[in-house]
Structure formats: C-alpha cells, structure tokens
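Asks: Before anything else, here's the structure in question.
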Amino acid sequence: MKKVLLFGDPGIDDSLAIMYALLHPHIELVGIVTGYGNVSRDQATKNAAYLLQLANRQDIPIIEGAIRPLSGEVNVYYPEIHGPSGLGPIRPPTNLQVKAYPFETIFSIVDKYDGELTIIDVGRSTSLAITFLLGETTMKKVKAYYLMGGAFLTPGNVTPLAEANVYGDPTATQIVLEQAQNITMIPLNVTSHALITPTTIEYILKQSKATFEFLIRPIFLYYFEAYKTLIPGLKGVPLHDLVTFSALANPSLVEYVYREVEVMDKGRTRGVTIADFRPRYHKTPKRKDIRIGLNLHKDAFVQDFITIMSY
Ligand code: RIB
Ligand code: CA
C-alpha cells in the first residue's frame with residue numbers, strides 16, 4: 001500500500017485526483033493539505049471536506065495550508081476553468097461539517113509513516129516549502145515527492161513559457177527542489193497528453209459503483225467546455241493532477257530523465273523551469289538531479305483511469 005499525503009488546491013483536476021486516490025486499491029491517502037491556487041485556501045478546504053464526506057472518509061485529516069504565495073502577493077483564481085467554487089457547477093452544501101487540522105499535523109503524519117510516506121503536491125508549492133522552513137529535519141523522513149509542475153520542451157499554460165503551479169509561487173518551488181530528496185516532477189509536457197474524453201467518462205459511469213457518480217459528469221463537462229474555449233478542437237481534457245497518482249502507482253507509465261532543474265522567478269520568464277536537454281549533455285549524476293517526466297504512455301493512462309474510476 002502506498003501511503004500518500006496530498007498537497008493540493010481542489011479545483012476540478014485536483015478533485016478527480018482525490019477521487020482516483022480514494023478509489024485506488026494500492027493507495028492510502030493519509031491526509032490532504034489544502035492551499036490557495038485554483039480557488040482560495042478556504043474553498044479548497046471545503047471542497048476536500050465535501051469529497052471526503054461523499055466517500056465517507058472523514059477519518060482522513062484535512063490540514064489547512066497557505067493562503068497566498070511566499071511573496072505575499074495577491075493570488076489570481078481560475079473560476080473560468082474550475083467554476084466559482086472549484087467544482088464546476090457544483091457547490092458543497094452550506095451545512096457541510098468541515099474539520100481542519102493545524103499545520104503541525106503534517107509533521108505528525110511524516111513522523112508516523114517514517115520512511116514510508118510519499119508526498120504528492122499538485123498545487124502551488126507554498127505549503128510544501130513552508131514545511132521545509134519549519135521542519136527541515138522531519139521532512140527528511142519522507143520517502144519520495146511527486147510534484148505536478150513545470151513545463152519542459154513545451155509551451156506553458158499560464159504564460160507562453162510557464163506552468164501554473166510553478167508560476168504561482170516560483171520561490172516556493174525553488175525551496176522544494178533544493179530541500180526535498182527523491183523528487184519526481186510530472187510536468188505539463190507529460191500531463192497535457194493525459195486526455196480524457198466525455199465518451200470515456202460516460203463509459204466509466206456505466207461501470208461505476210458510483211461513490212462519486214453524480215459529481216463526476218458535471219465537473220468533468222464543465223472542465224471540458226472550459227478547455228475547449230482555450231484549445232478549440234480539443235477532443236479530451238488533460239487531468240494534470242491525476243497523472244501524479246497514476247505515475248506513482250504505475251512505474252512504467254511515464255518515461256523519465258534525471259536533470260538539474262532551475263526555476264526562474266521574475267519578469268517574463270517567471271515560473272519557467274529549465275533543464276539541459278542538449279544531445280551532448282554528458283550525464284554525471286549531480287547532487288540535486290530531479291527525475292523529470294518526459295513522455296506519457298497515453299493509452300495505458302486512459303486504461304488505468306478507466307479501471308480505477310470504475311471501482
Ligand atoms: O498547470 C496545471 C496545474 O494548474 C494543475 O495543478 C491545476 O489544478 C492547476 O492548478
Ligand atoms: Ca492543482
């Protein structure tokens with residue numbers, strides 16, 4: 001069983017990733033740290049609580065993370081992609097019971113699963129960076145980190161060059177890349193090929209025992225329509241965040257290379273992630289080499305998505 005502490009900003013693709021993790025027979029979600037990003041931190045907390053309530057998994061702690069980037073600047077949310085509350089047209093019930101744990105709970109979880117815990121971060125890296133600022137020694141007990149972020153050899157999504165999670169707080173990403181050990185980056189060049197079509201969703205909904213049945217169709221269709229306006233002619237929508245879980249559970253799903261990664265933090269190149277892909281790059285392992293996802297096995301991704309979401 002892979003024990004995972006998730007950092008995220010649900011958000012539609014974050015929410016589908018949470019559903020996937022909850023349904024997966026070999027993944028145990030041991031906590032969710034919510035942060036600002038697609039929506040405000042408080043809305044992200046409500047959305048996570050709603051998903052856990054629907055799954056009857058209120059035993060999983062929700063921990064409140066950052067409300068803005070380390071720079072202190074005001075965050076921009078994305079209702080046009082994720083809906084006014086982050087779940088497309090759905091709003092969590094107003095009488096939802098939300099129990100949020102304090103930030104130090106992260107360190108209790110890392111201690112408890114000493115050496116066994118994978119951290120997956122699918123949002124801005126602010127909360128994860130803060131764990132290193134507050135608990136550097138404890139964080140050494142984490143087995144591995146999977147980050148959805150960055151863009152290599154491909155255009156960005158939030159600017160011509162930058163991916164949204166890294167762009168949102170490049171200083172935080174720099175801290176994480178410097179401090180964390182055993183990092184896998186799942187960047188846009190991988191996740192933008194993780195396309196799921198409405199036909200696949202309808203197929204799953206026919207099979208599904210339906211923990212999330214009434215939620216999946218409306219949030220997916222909202223996300224699909226939003227993406228169609230961004231990328232006309234798109235037949236499917238990229239489930240960026242879900243790929244991190246799928247890659248963790250399926251080691252051969254993504255092809256990787258090891259490189260040092262630099263993050264730009266200012267001006268027109270803010271949020272840009274740079275690695276050296278020149279053919280004459282001679283590989284001598286460096287202390288801070290990051291495992292970077294380069295290519296996704298697309299059919300295997302779709303098949304795995306169908307299998308897990310049909311449980
Ligand atoms: O660039 C994709 C990332 O930005 C995903 O984490 C998505 O949820 C959005 O926040
Ligand atoms: Ca996200």
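Asks: Translational D (Stokes-Einstein, µm²/s) of the stretch 1-154 at 4 °C and 1.567 mPa s when Rh comes from the Kirkwood sum over C-alpha pairs?
Replies: Working: Rh = 15.6 Å.
After rounding, the answer is 83 µm²/s.
Asks: Follow-up. Please work out whether the stretch 86-159 counts as rounded, prolate or oblate from its C-alpha gyration tensor, where a ≥ b ≥ c are the square roots of the eigenvalues and a/c under 1.5 means rounded, while otherwise a/b larger than b/c means prolate and anything else oblate?
Replies: Because a/c hits 1.5 or more and a/b fails to exceed b/c, the stretch 86-159 counts as oblate.
Asks: I would also like to ask the following. Given a Förster radius of 30 Å and the C-beta distance between THR269 and LEU230 as r, what FRET efficiency does 1/(1 + (r/R0)^6) yield to the nearest 0.05?
Replies: The formula returns an efficiency of 0.85 here.
Asks: Taking 7 Å along the Cα-to-C-beta vector as the label spot, tell me the ASN295-THR159 distance in nanometres, rounded to one decimal.
Replies: 3.0
Asks: About its Cα centre, what dipole magnitude does the chain give when the only charges are +1 on Lys and Arg Cβ and -1 on Asp and Glu Cβ, stated in debye to the nearest 20?
Replies: So the magnitude is around 380 debye.
Asks: Placing +1 on the Cβ of each Lys and Arg and -1 on the Cβ of each Asp and Glu in the chain, which of ILE290, PHE214, THR229 has its Cα farthest towards the positive end of the resulting dipole?
Replies: Of the candidates, ILE290 comes out farthest on the positive side.
Asks: Residues with amide H under 5 Å of LEU147's amide H, sequence separation 5 or more or different chain, H placed in the peptide plane at 1.01 Å from N; which?
Replies: Under 5 Å from the amide H of LEU147: ASP121, THR184, MET185, ILE186.
Asks: A follow-up question, please. Determine the shape class of the stretch 157-311: with a ≥ b ≥ c the square roots of the Cα gyration tensor eigenvalues, call it rounded for a/c under 1.5, and otherwise prolate if a/b is greater than b/c, oblate otherwise. Walk me through the numbers before you get to the answer.
Replies: Numbers: a/c = 2.26, a/b = 1.67, b/c = 1.35.
Verdict is prolate for the stretch 157-311.
Asks: Oh, and also: Sort the following peptides by mean Cβ neighbour count (other Cβ atoms within 10 Å, averaged over residues), highest first: 152-161, 211-220, 227-236, 81-90.
Replies: 81-90, 211-220, 152-161, 227-236
Asks: To the nearest 20 Debye, how big is the dipole of the stretch 13-88 about its Cα centre, given +1 on the beta carbon of each Lys and Arg and -1 on that of each Asp and Glu?
Replies: Dipole size: approximately 100 debye.
Asks: Counting DSSP beta bridges in the chain, what percent are antiparallel, to the nearest 5?
Replies: 30
Asks: Would you kindly state how much longer the chain becomes between LYS206 and VAL74 on full extension, computed as 0.36 nm times their sequence separation minus their alpha carbon distance, in nm to one decimal?
Replies: On the way: separation 132, 0.36 × 132 = 47.52 nm, distance 4.26 nm.
Value of the extension gain: 43.3 nm.
Asks: Moving on to the next point. Could you derive backbone 3J(HN,Hα) for the stretch 295-301 from the dihedral phi with the Karplus parameters 6.51, -1.76 and 1.60 (θ = phi - 60°), listing whole Hz in sequence and x where the residue is Gly or Pro?
Replies: Values, residue by residue: 9, 9, 7, 5, 5, 5, 4 Hz.
Asks: Please report Rg over Rh for the stretch 119-191, where both radii come from the alpha carbon positions and Rh follows the Kirkwood definition.
Replies: Ratio value, two decimals: 0.98.
Asks: Right, something else. Using amide H atoms built in the peptide plane, which far-off residues or other-chain residues are under 5 Å from GLY236 H to H?
Replies: none
Asks: Return the loop-located GluC sites (Glu not before Pro) in the stretch 1-101 (DSSP other than H, G, I, E, B) with at most 15 other Cβ atoms within 10 Å of their own Cβ; answer none if there are none.
Replies: Those that pass, being in a loop and sparsely packed, are GLU73.
Asks: Just the Cα atoms of the chain, one point each, no solvent: what log10 I(q)/I(0) does Debye give at q = 0.10, 0.14, 0.16 Å⁻¹?
Replies: -0.50, -1.04, -1.43
Asks: With just the Cα atoms defining each centre, how far is the stretch 188-217 from the stretch 245-272? Give it in Å.
Replies: That distance is 24 Å.
Asks: Using θ = phi - 60° and the Karplus relation 6.51 cos²θ - 1.76 cosθ + 1.60, list the HN-Hα couplings for the stretch 176-191 in order, rounded to whole Hz, with x at every Gly or Pro.
Replies: Each residue's phi maps through the Karplus curve to give 5, 5, 6, 8, 7, 10, 6, 9, 10, 9, 10, x, 4, 5, 8, 5 Hz.
Asks: What list of ³J(HN,Hα) couplings, whole Hz, do you get for the stretch 228-235 from phi and the Karplus terms 6.51, -1.76, 1.60, once you set θ to phi - 60° and write x for glycine and proline?
Replies: Taking θ as phi minus 60°, the curve returns 5, 6, 6, 10, x, x, 5, 8 Hz for the stretch 228-235.
Asks: Using a Förster distance of 41 Å, how high is the FRET efficiency between ALA55 and ASP114, based on the Cβ-Cβ distance and rounded to 0.05?
Replies: 0.95
Asks: Treat each spin label as a single point 7 Å out from the Cα along the C-beta direction, and report the THR307 to GLU255 distance in nm.
Replies: It is 2.1 nm.
Asks: May I pose another question? Under a Cβ-only charge scheme (Lys and Arg +1, Asp and Glu -1), can you give me the dipole magnitude of the stretch 76-212 about the Cα centre, in debye to the nearest 20?
Replies: So the magnitude is around 420 debye.
Asks: Output the Cα-based Rg and Dmax of the stretch 230-280 in Å, rounding Rg to one decimal and Dmax to a whole number.
Replies: Answer for the stretch 230-280, Rg first and Dmax second: 15.3, 37 Å.
Asks: Quick one, what does Rg over Rh come out to for the stretch 190-245 if you take C-alpha atoms and the Kirkwood Rh?
Replies: That ratio is 0.97, to two decimals.
The numbers here are math on the coordinates, done by the rules we state, and not lab data. In this text the structure is predicted, and so the values were computed from the model without any measurement. Counting neighbours? That spans all protein chains shown, and the Cβs are built from the backbone with ideal geometry, glycine included.
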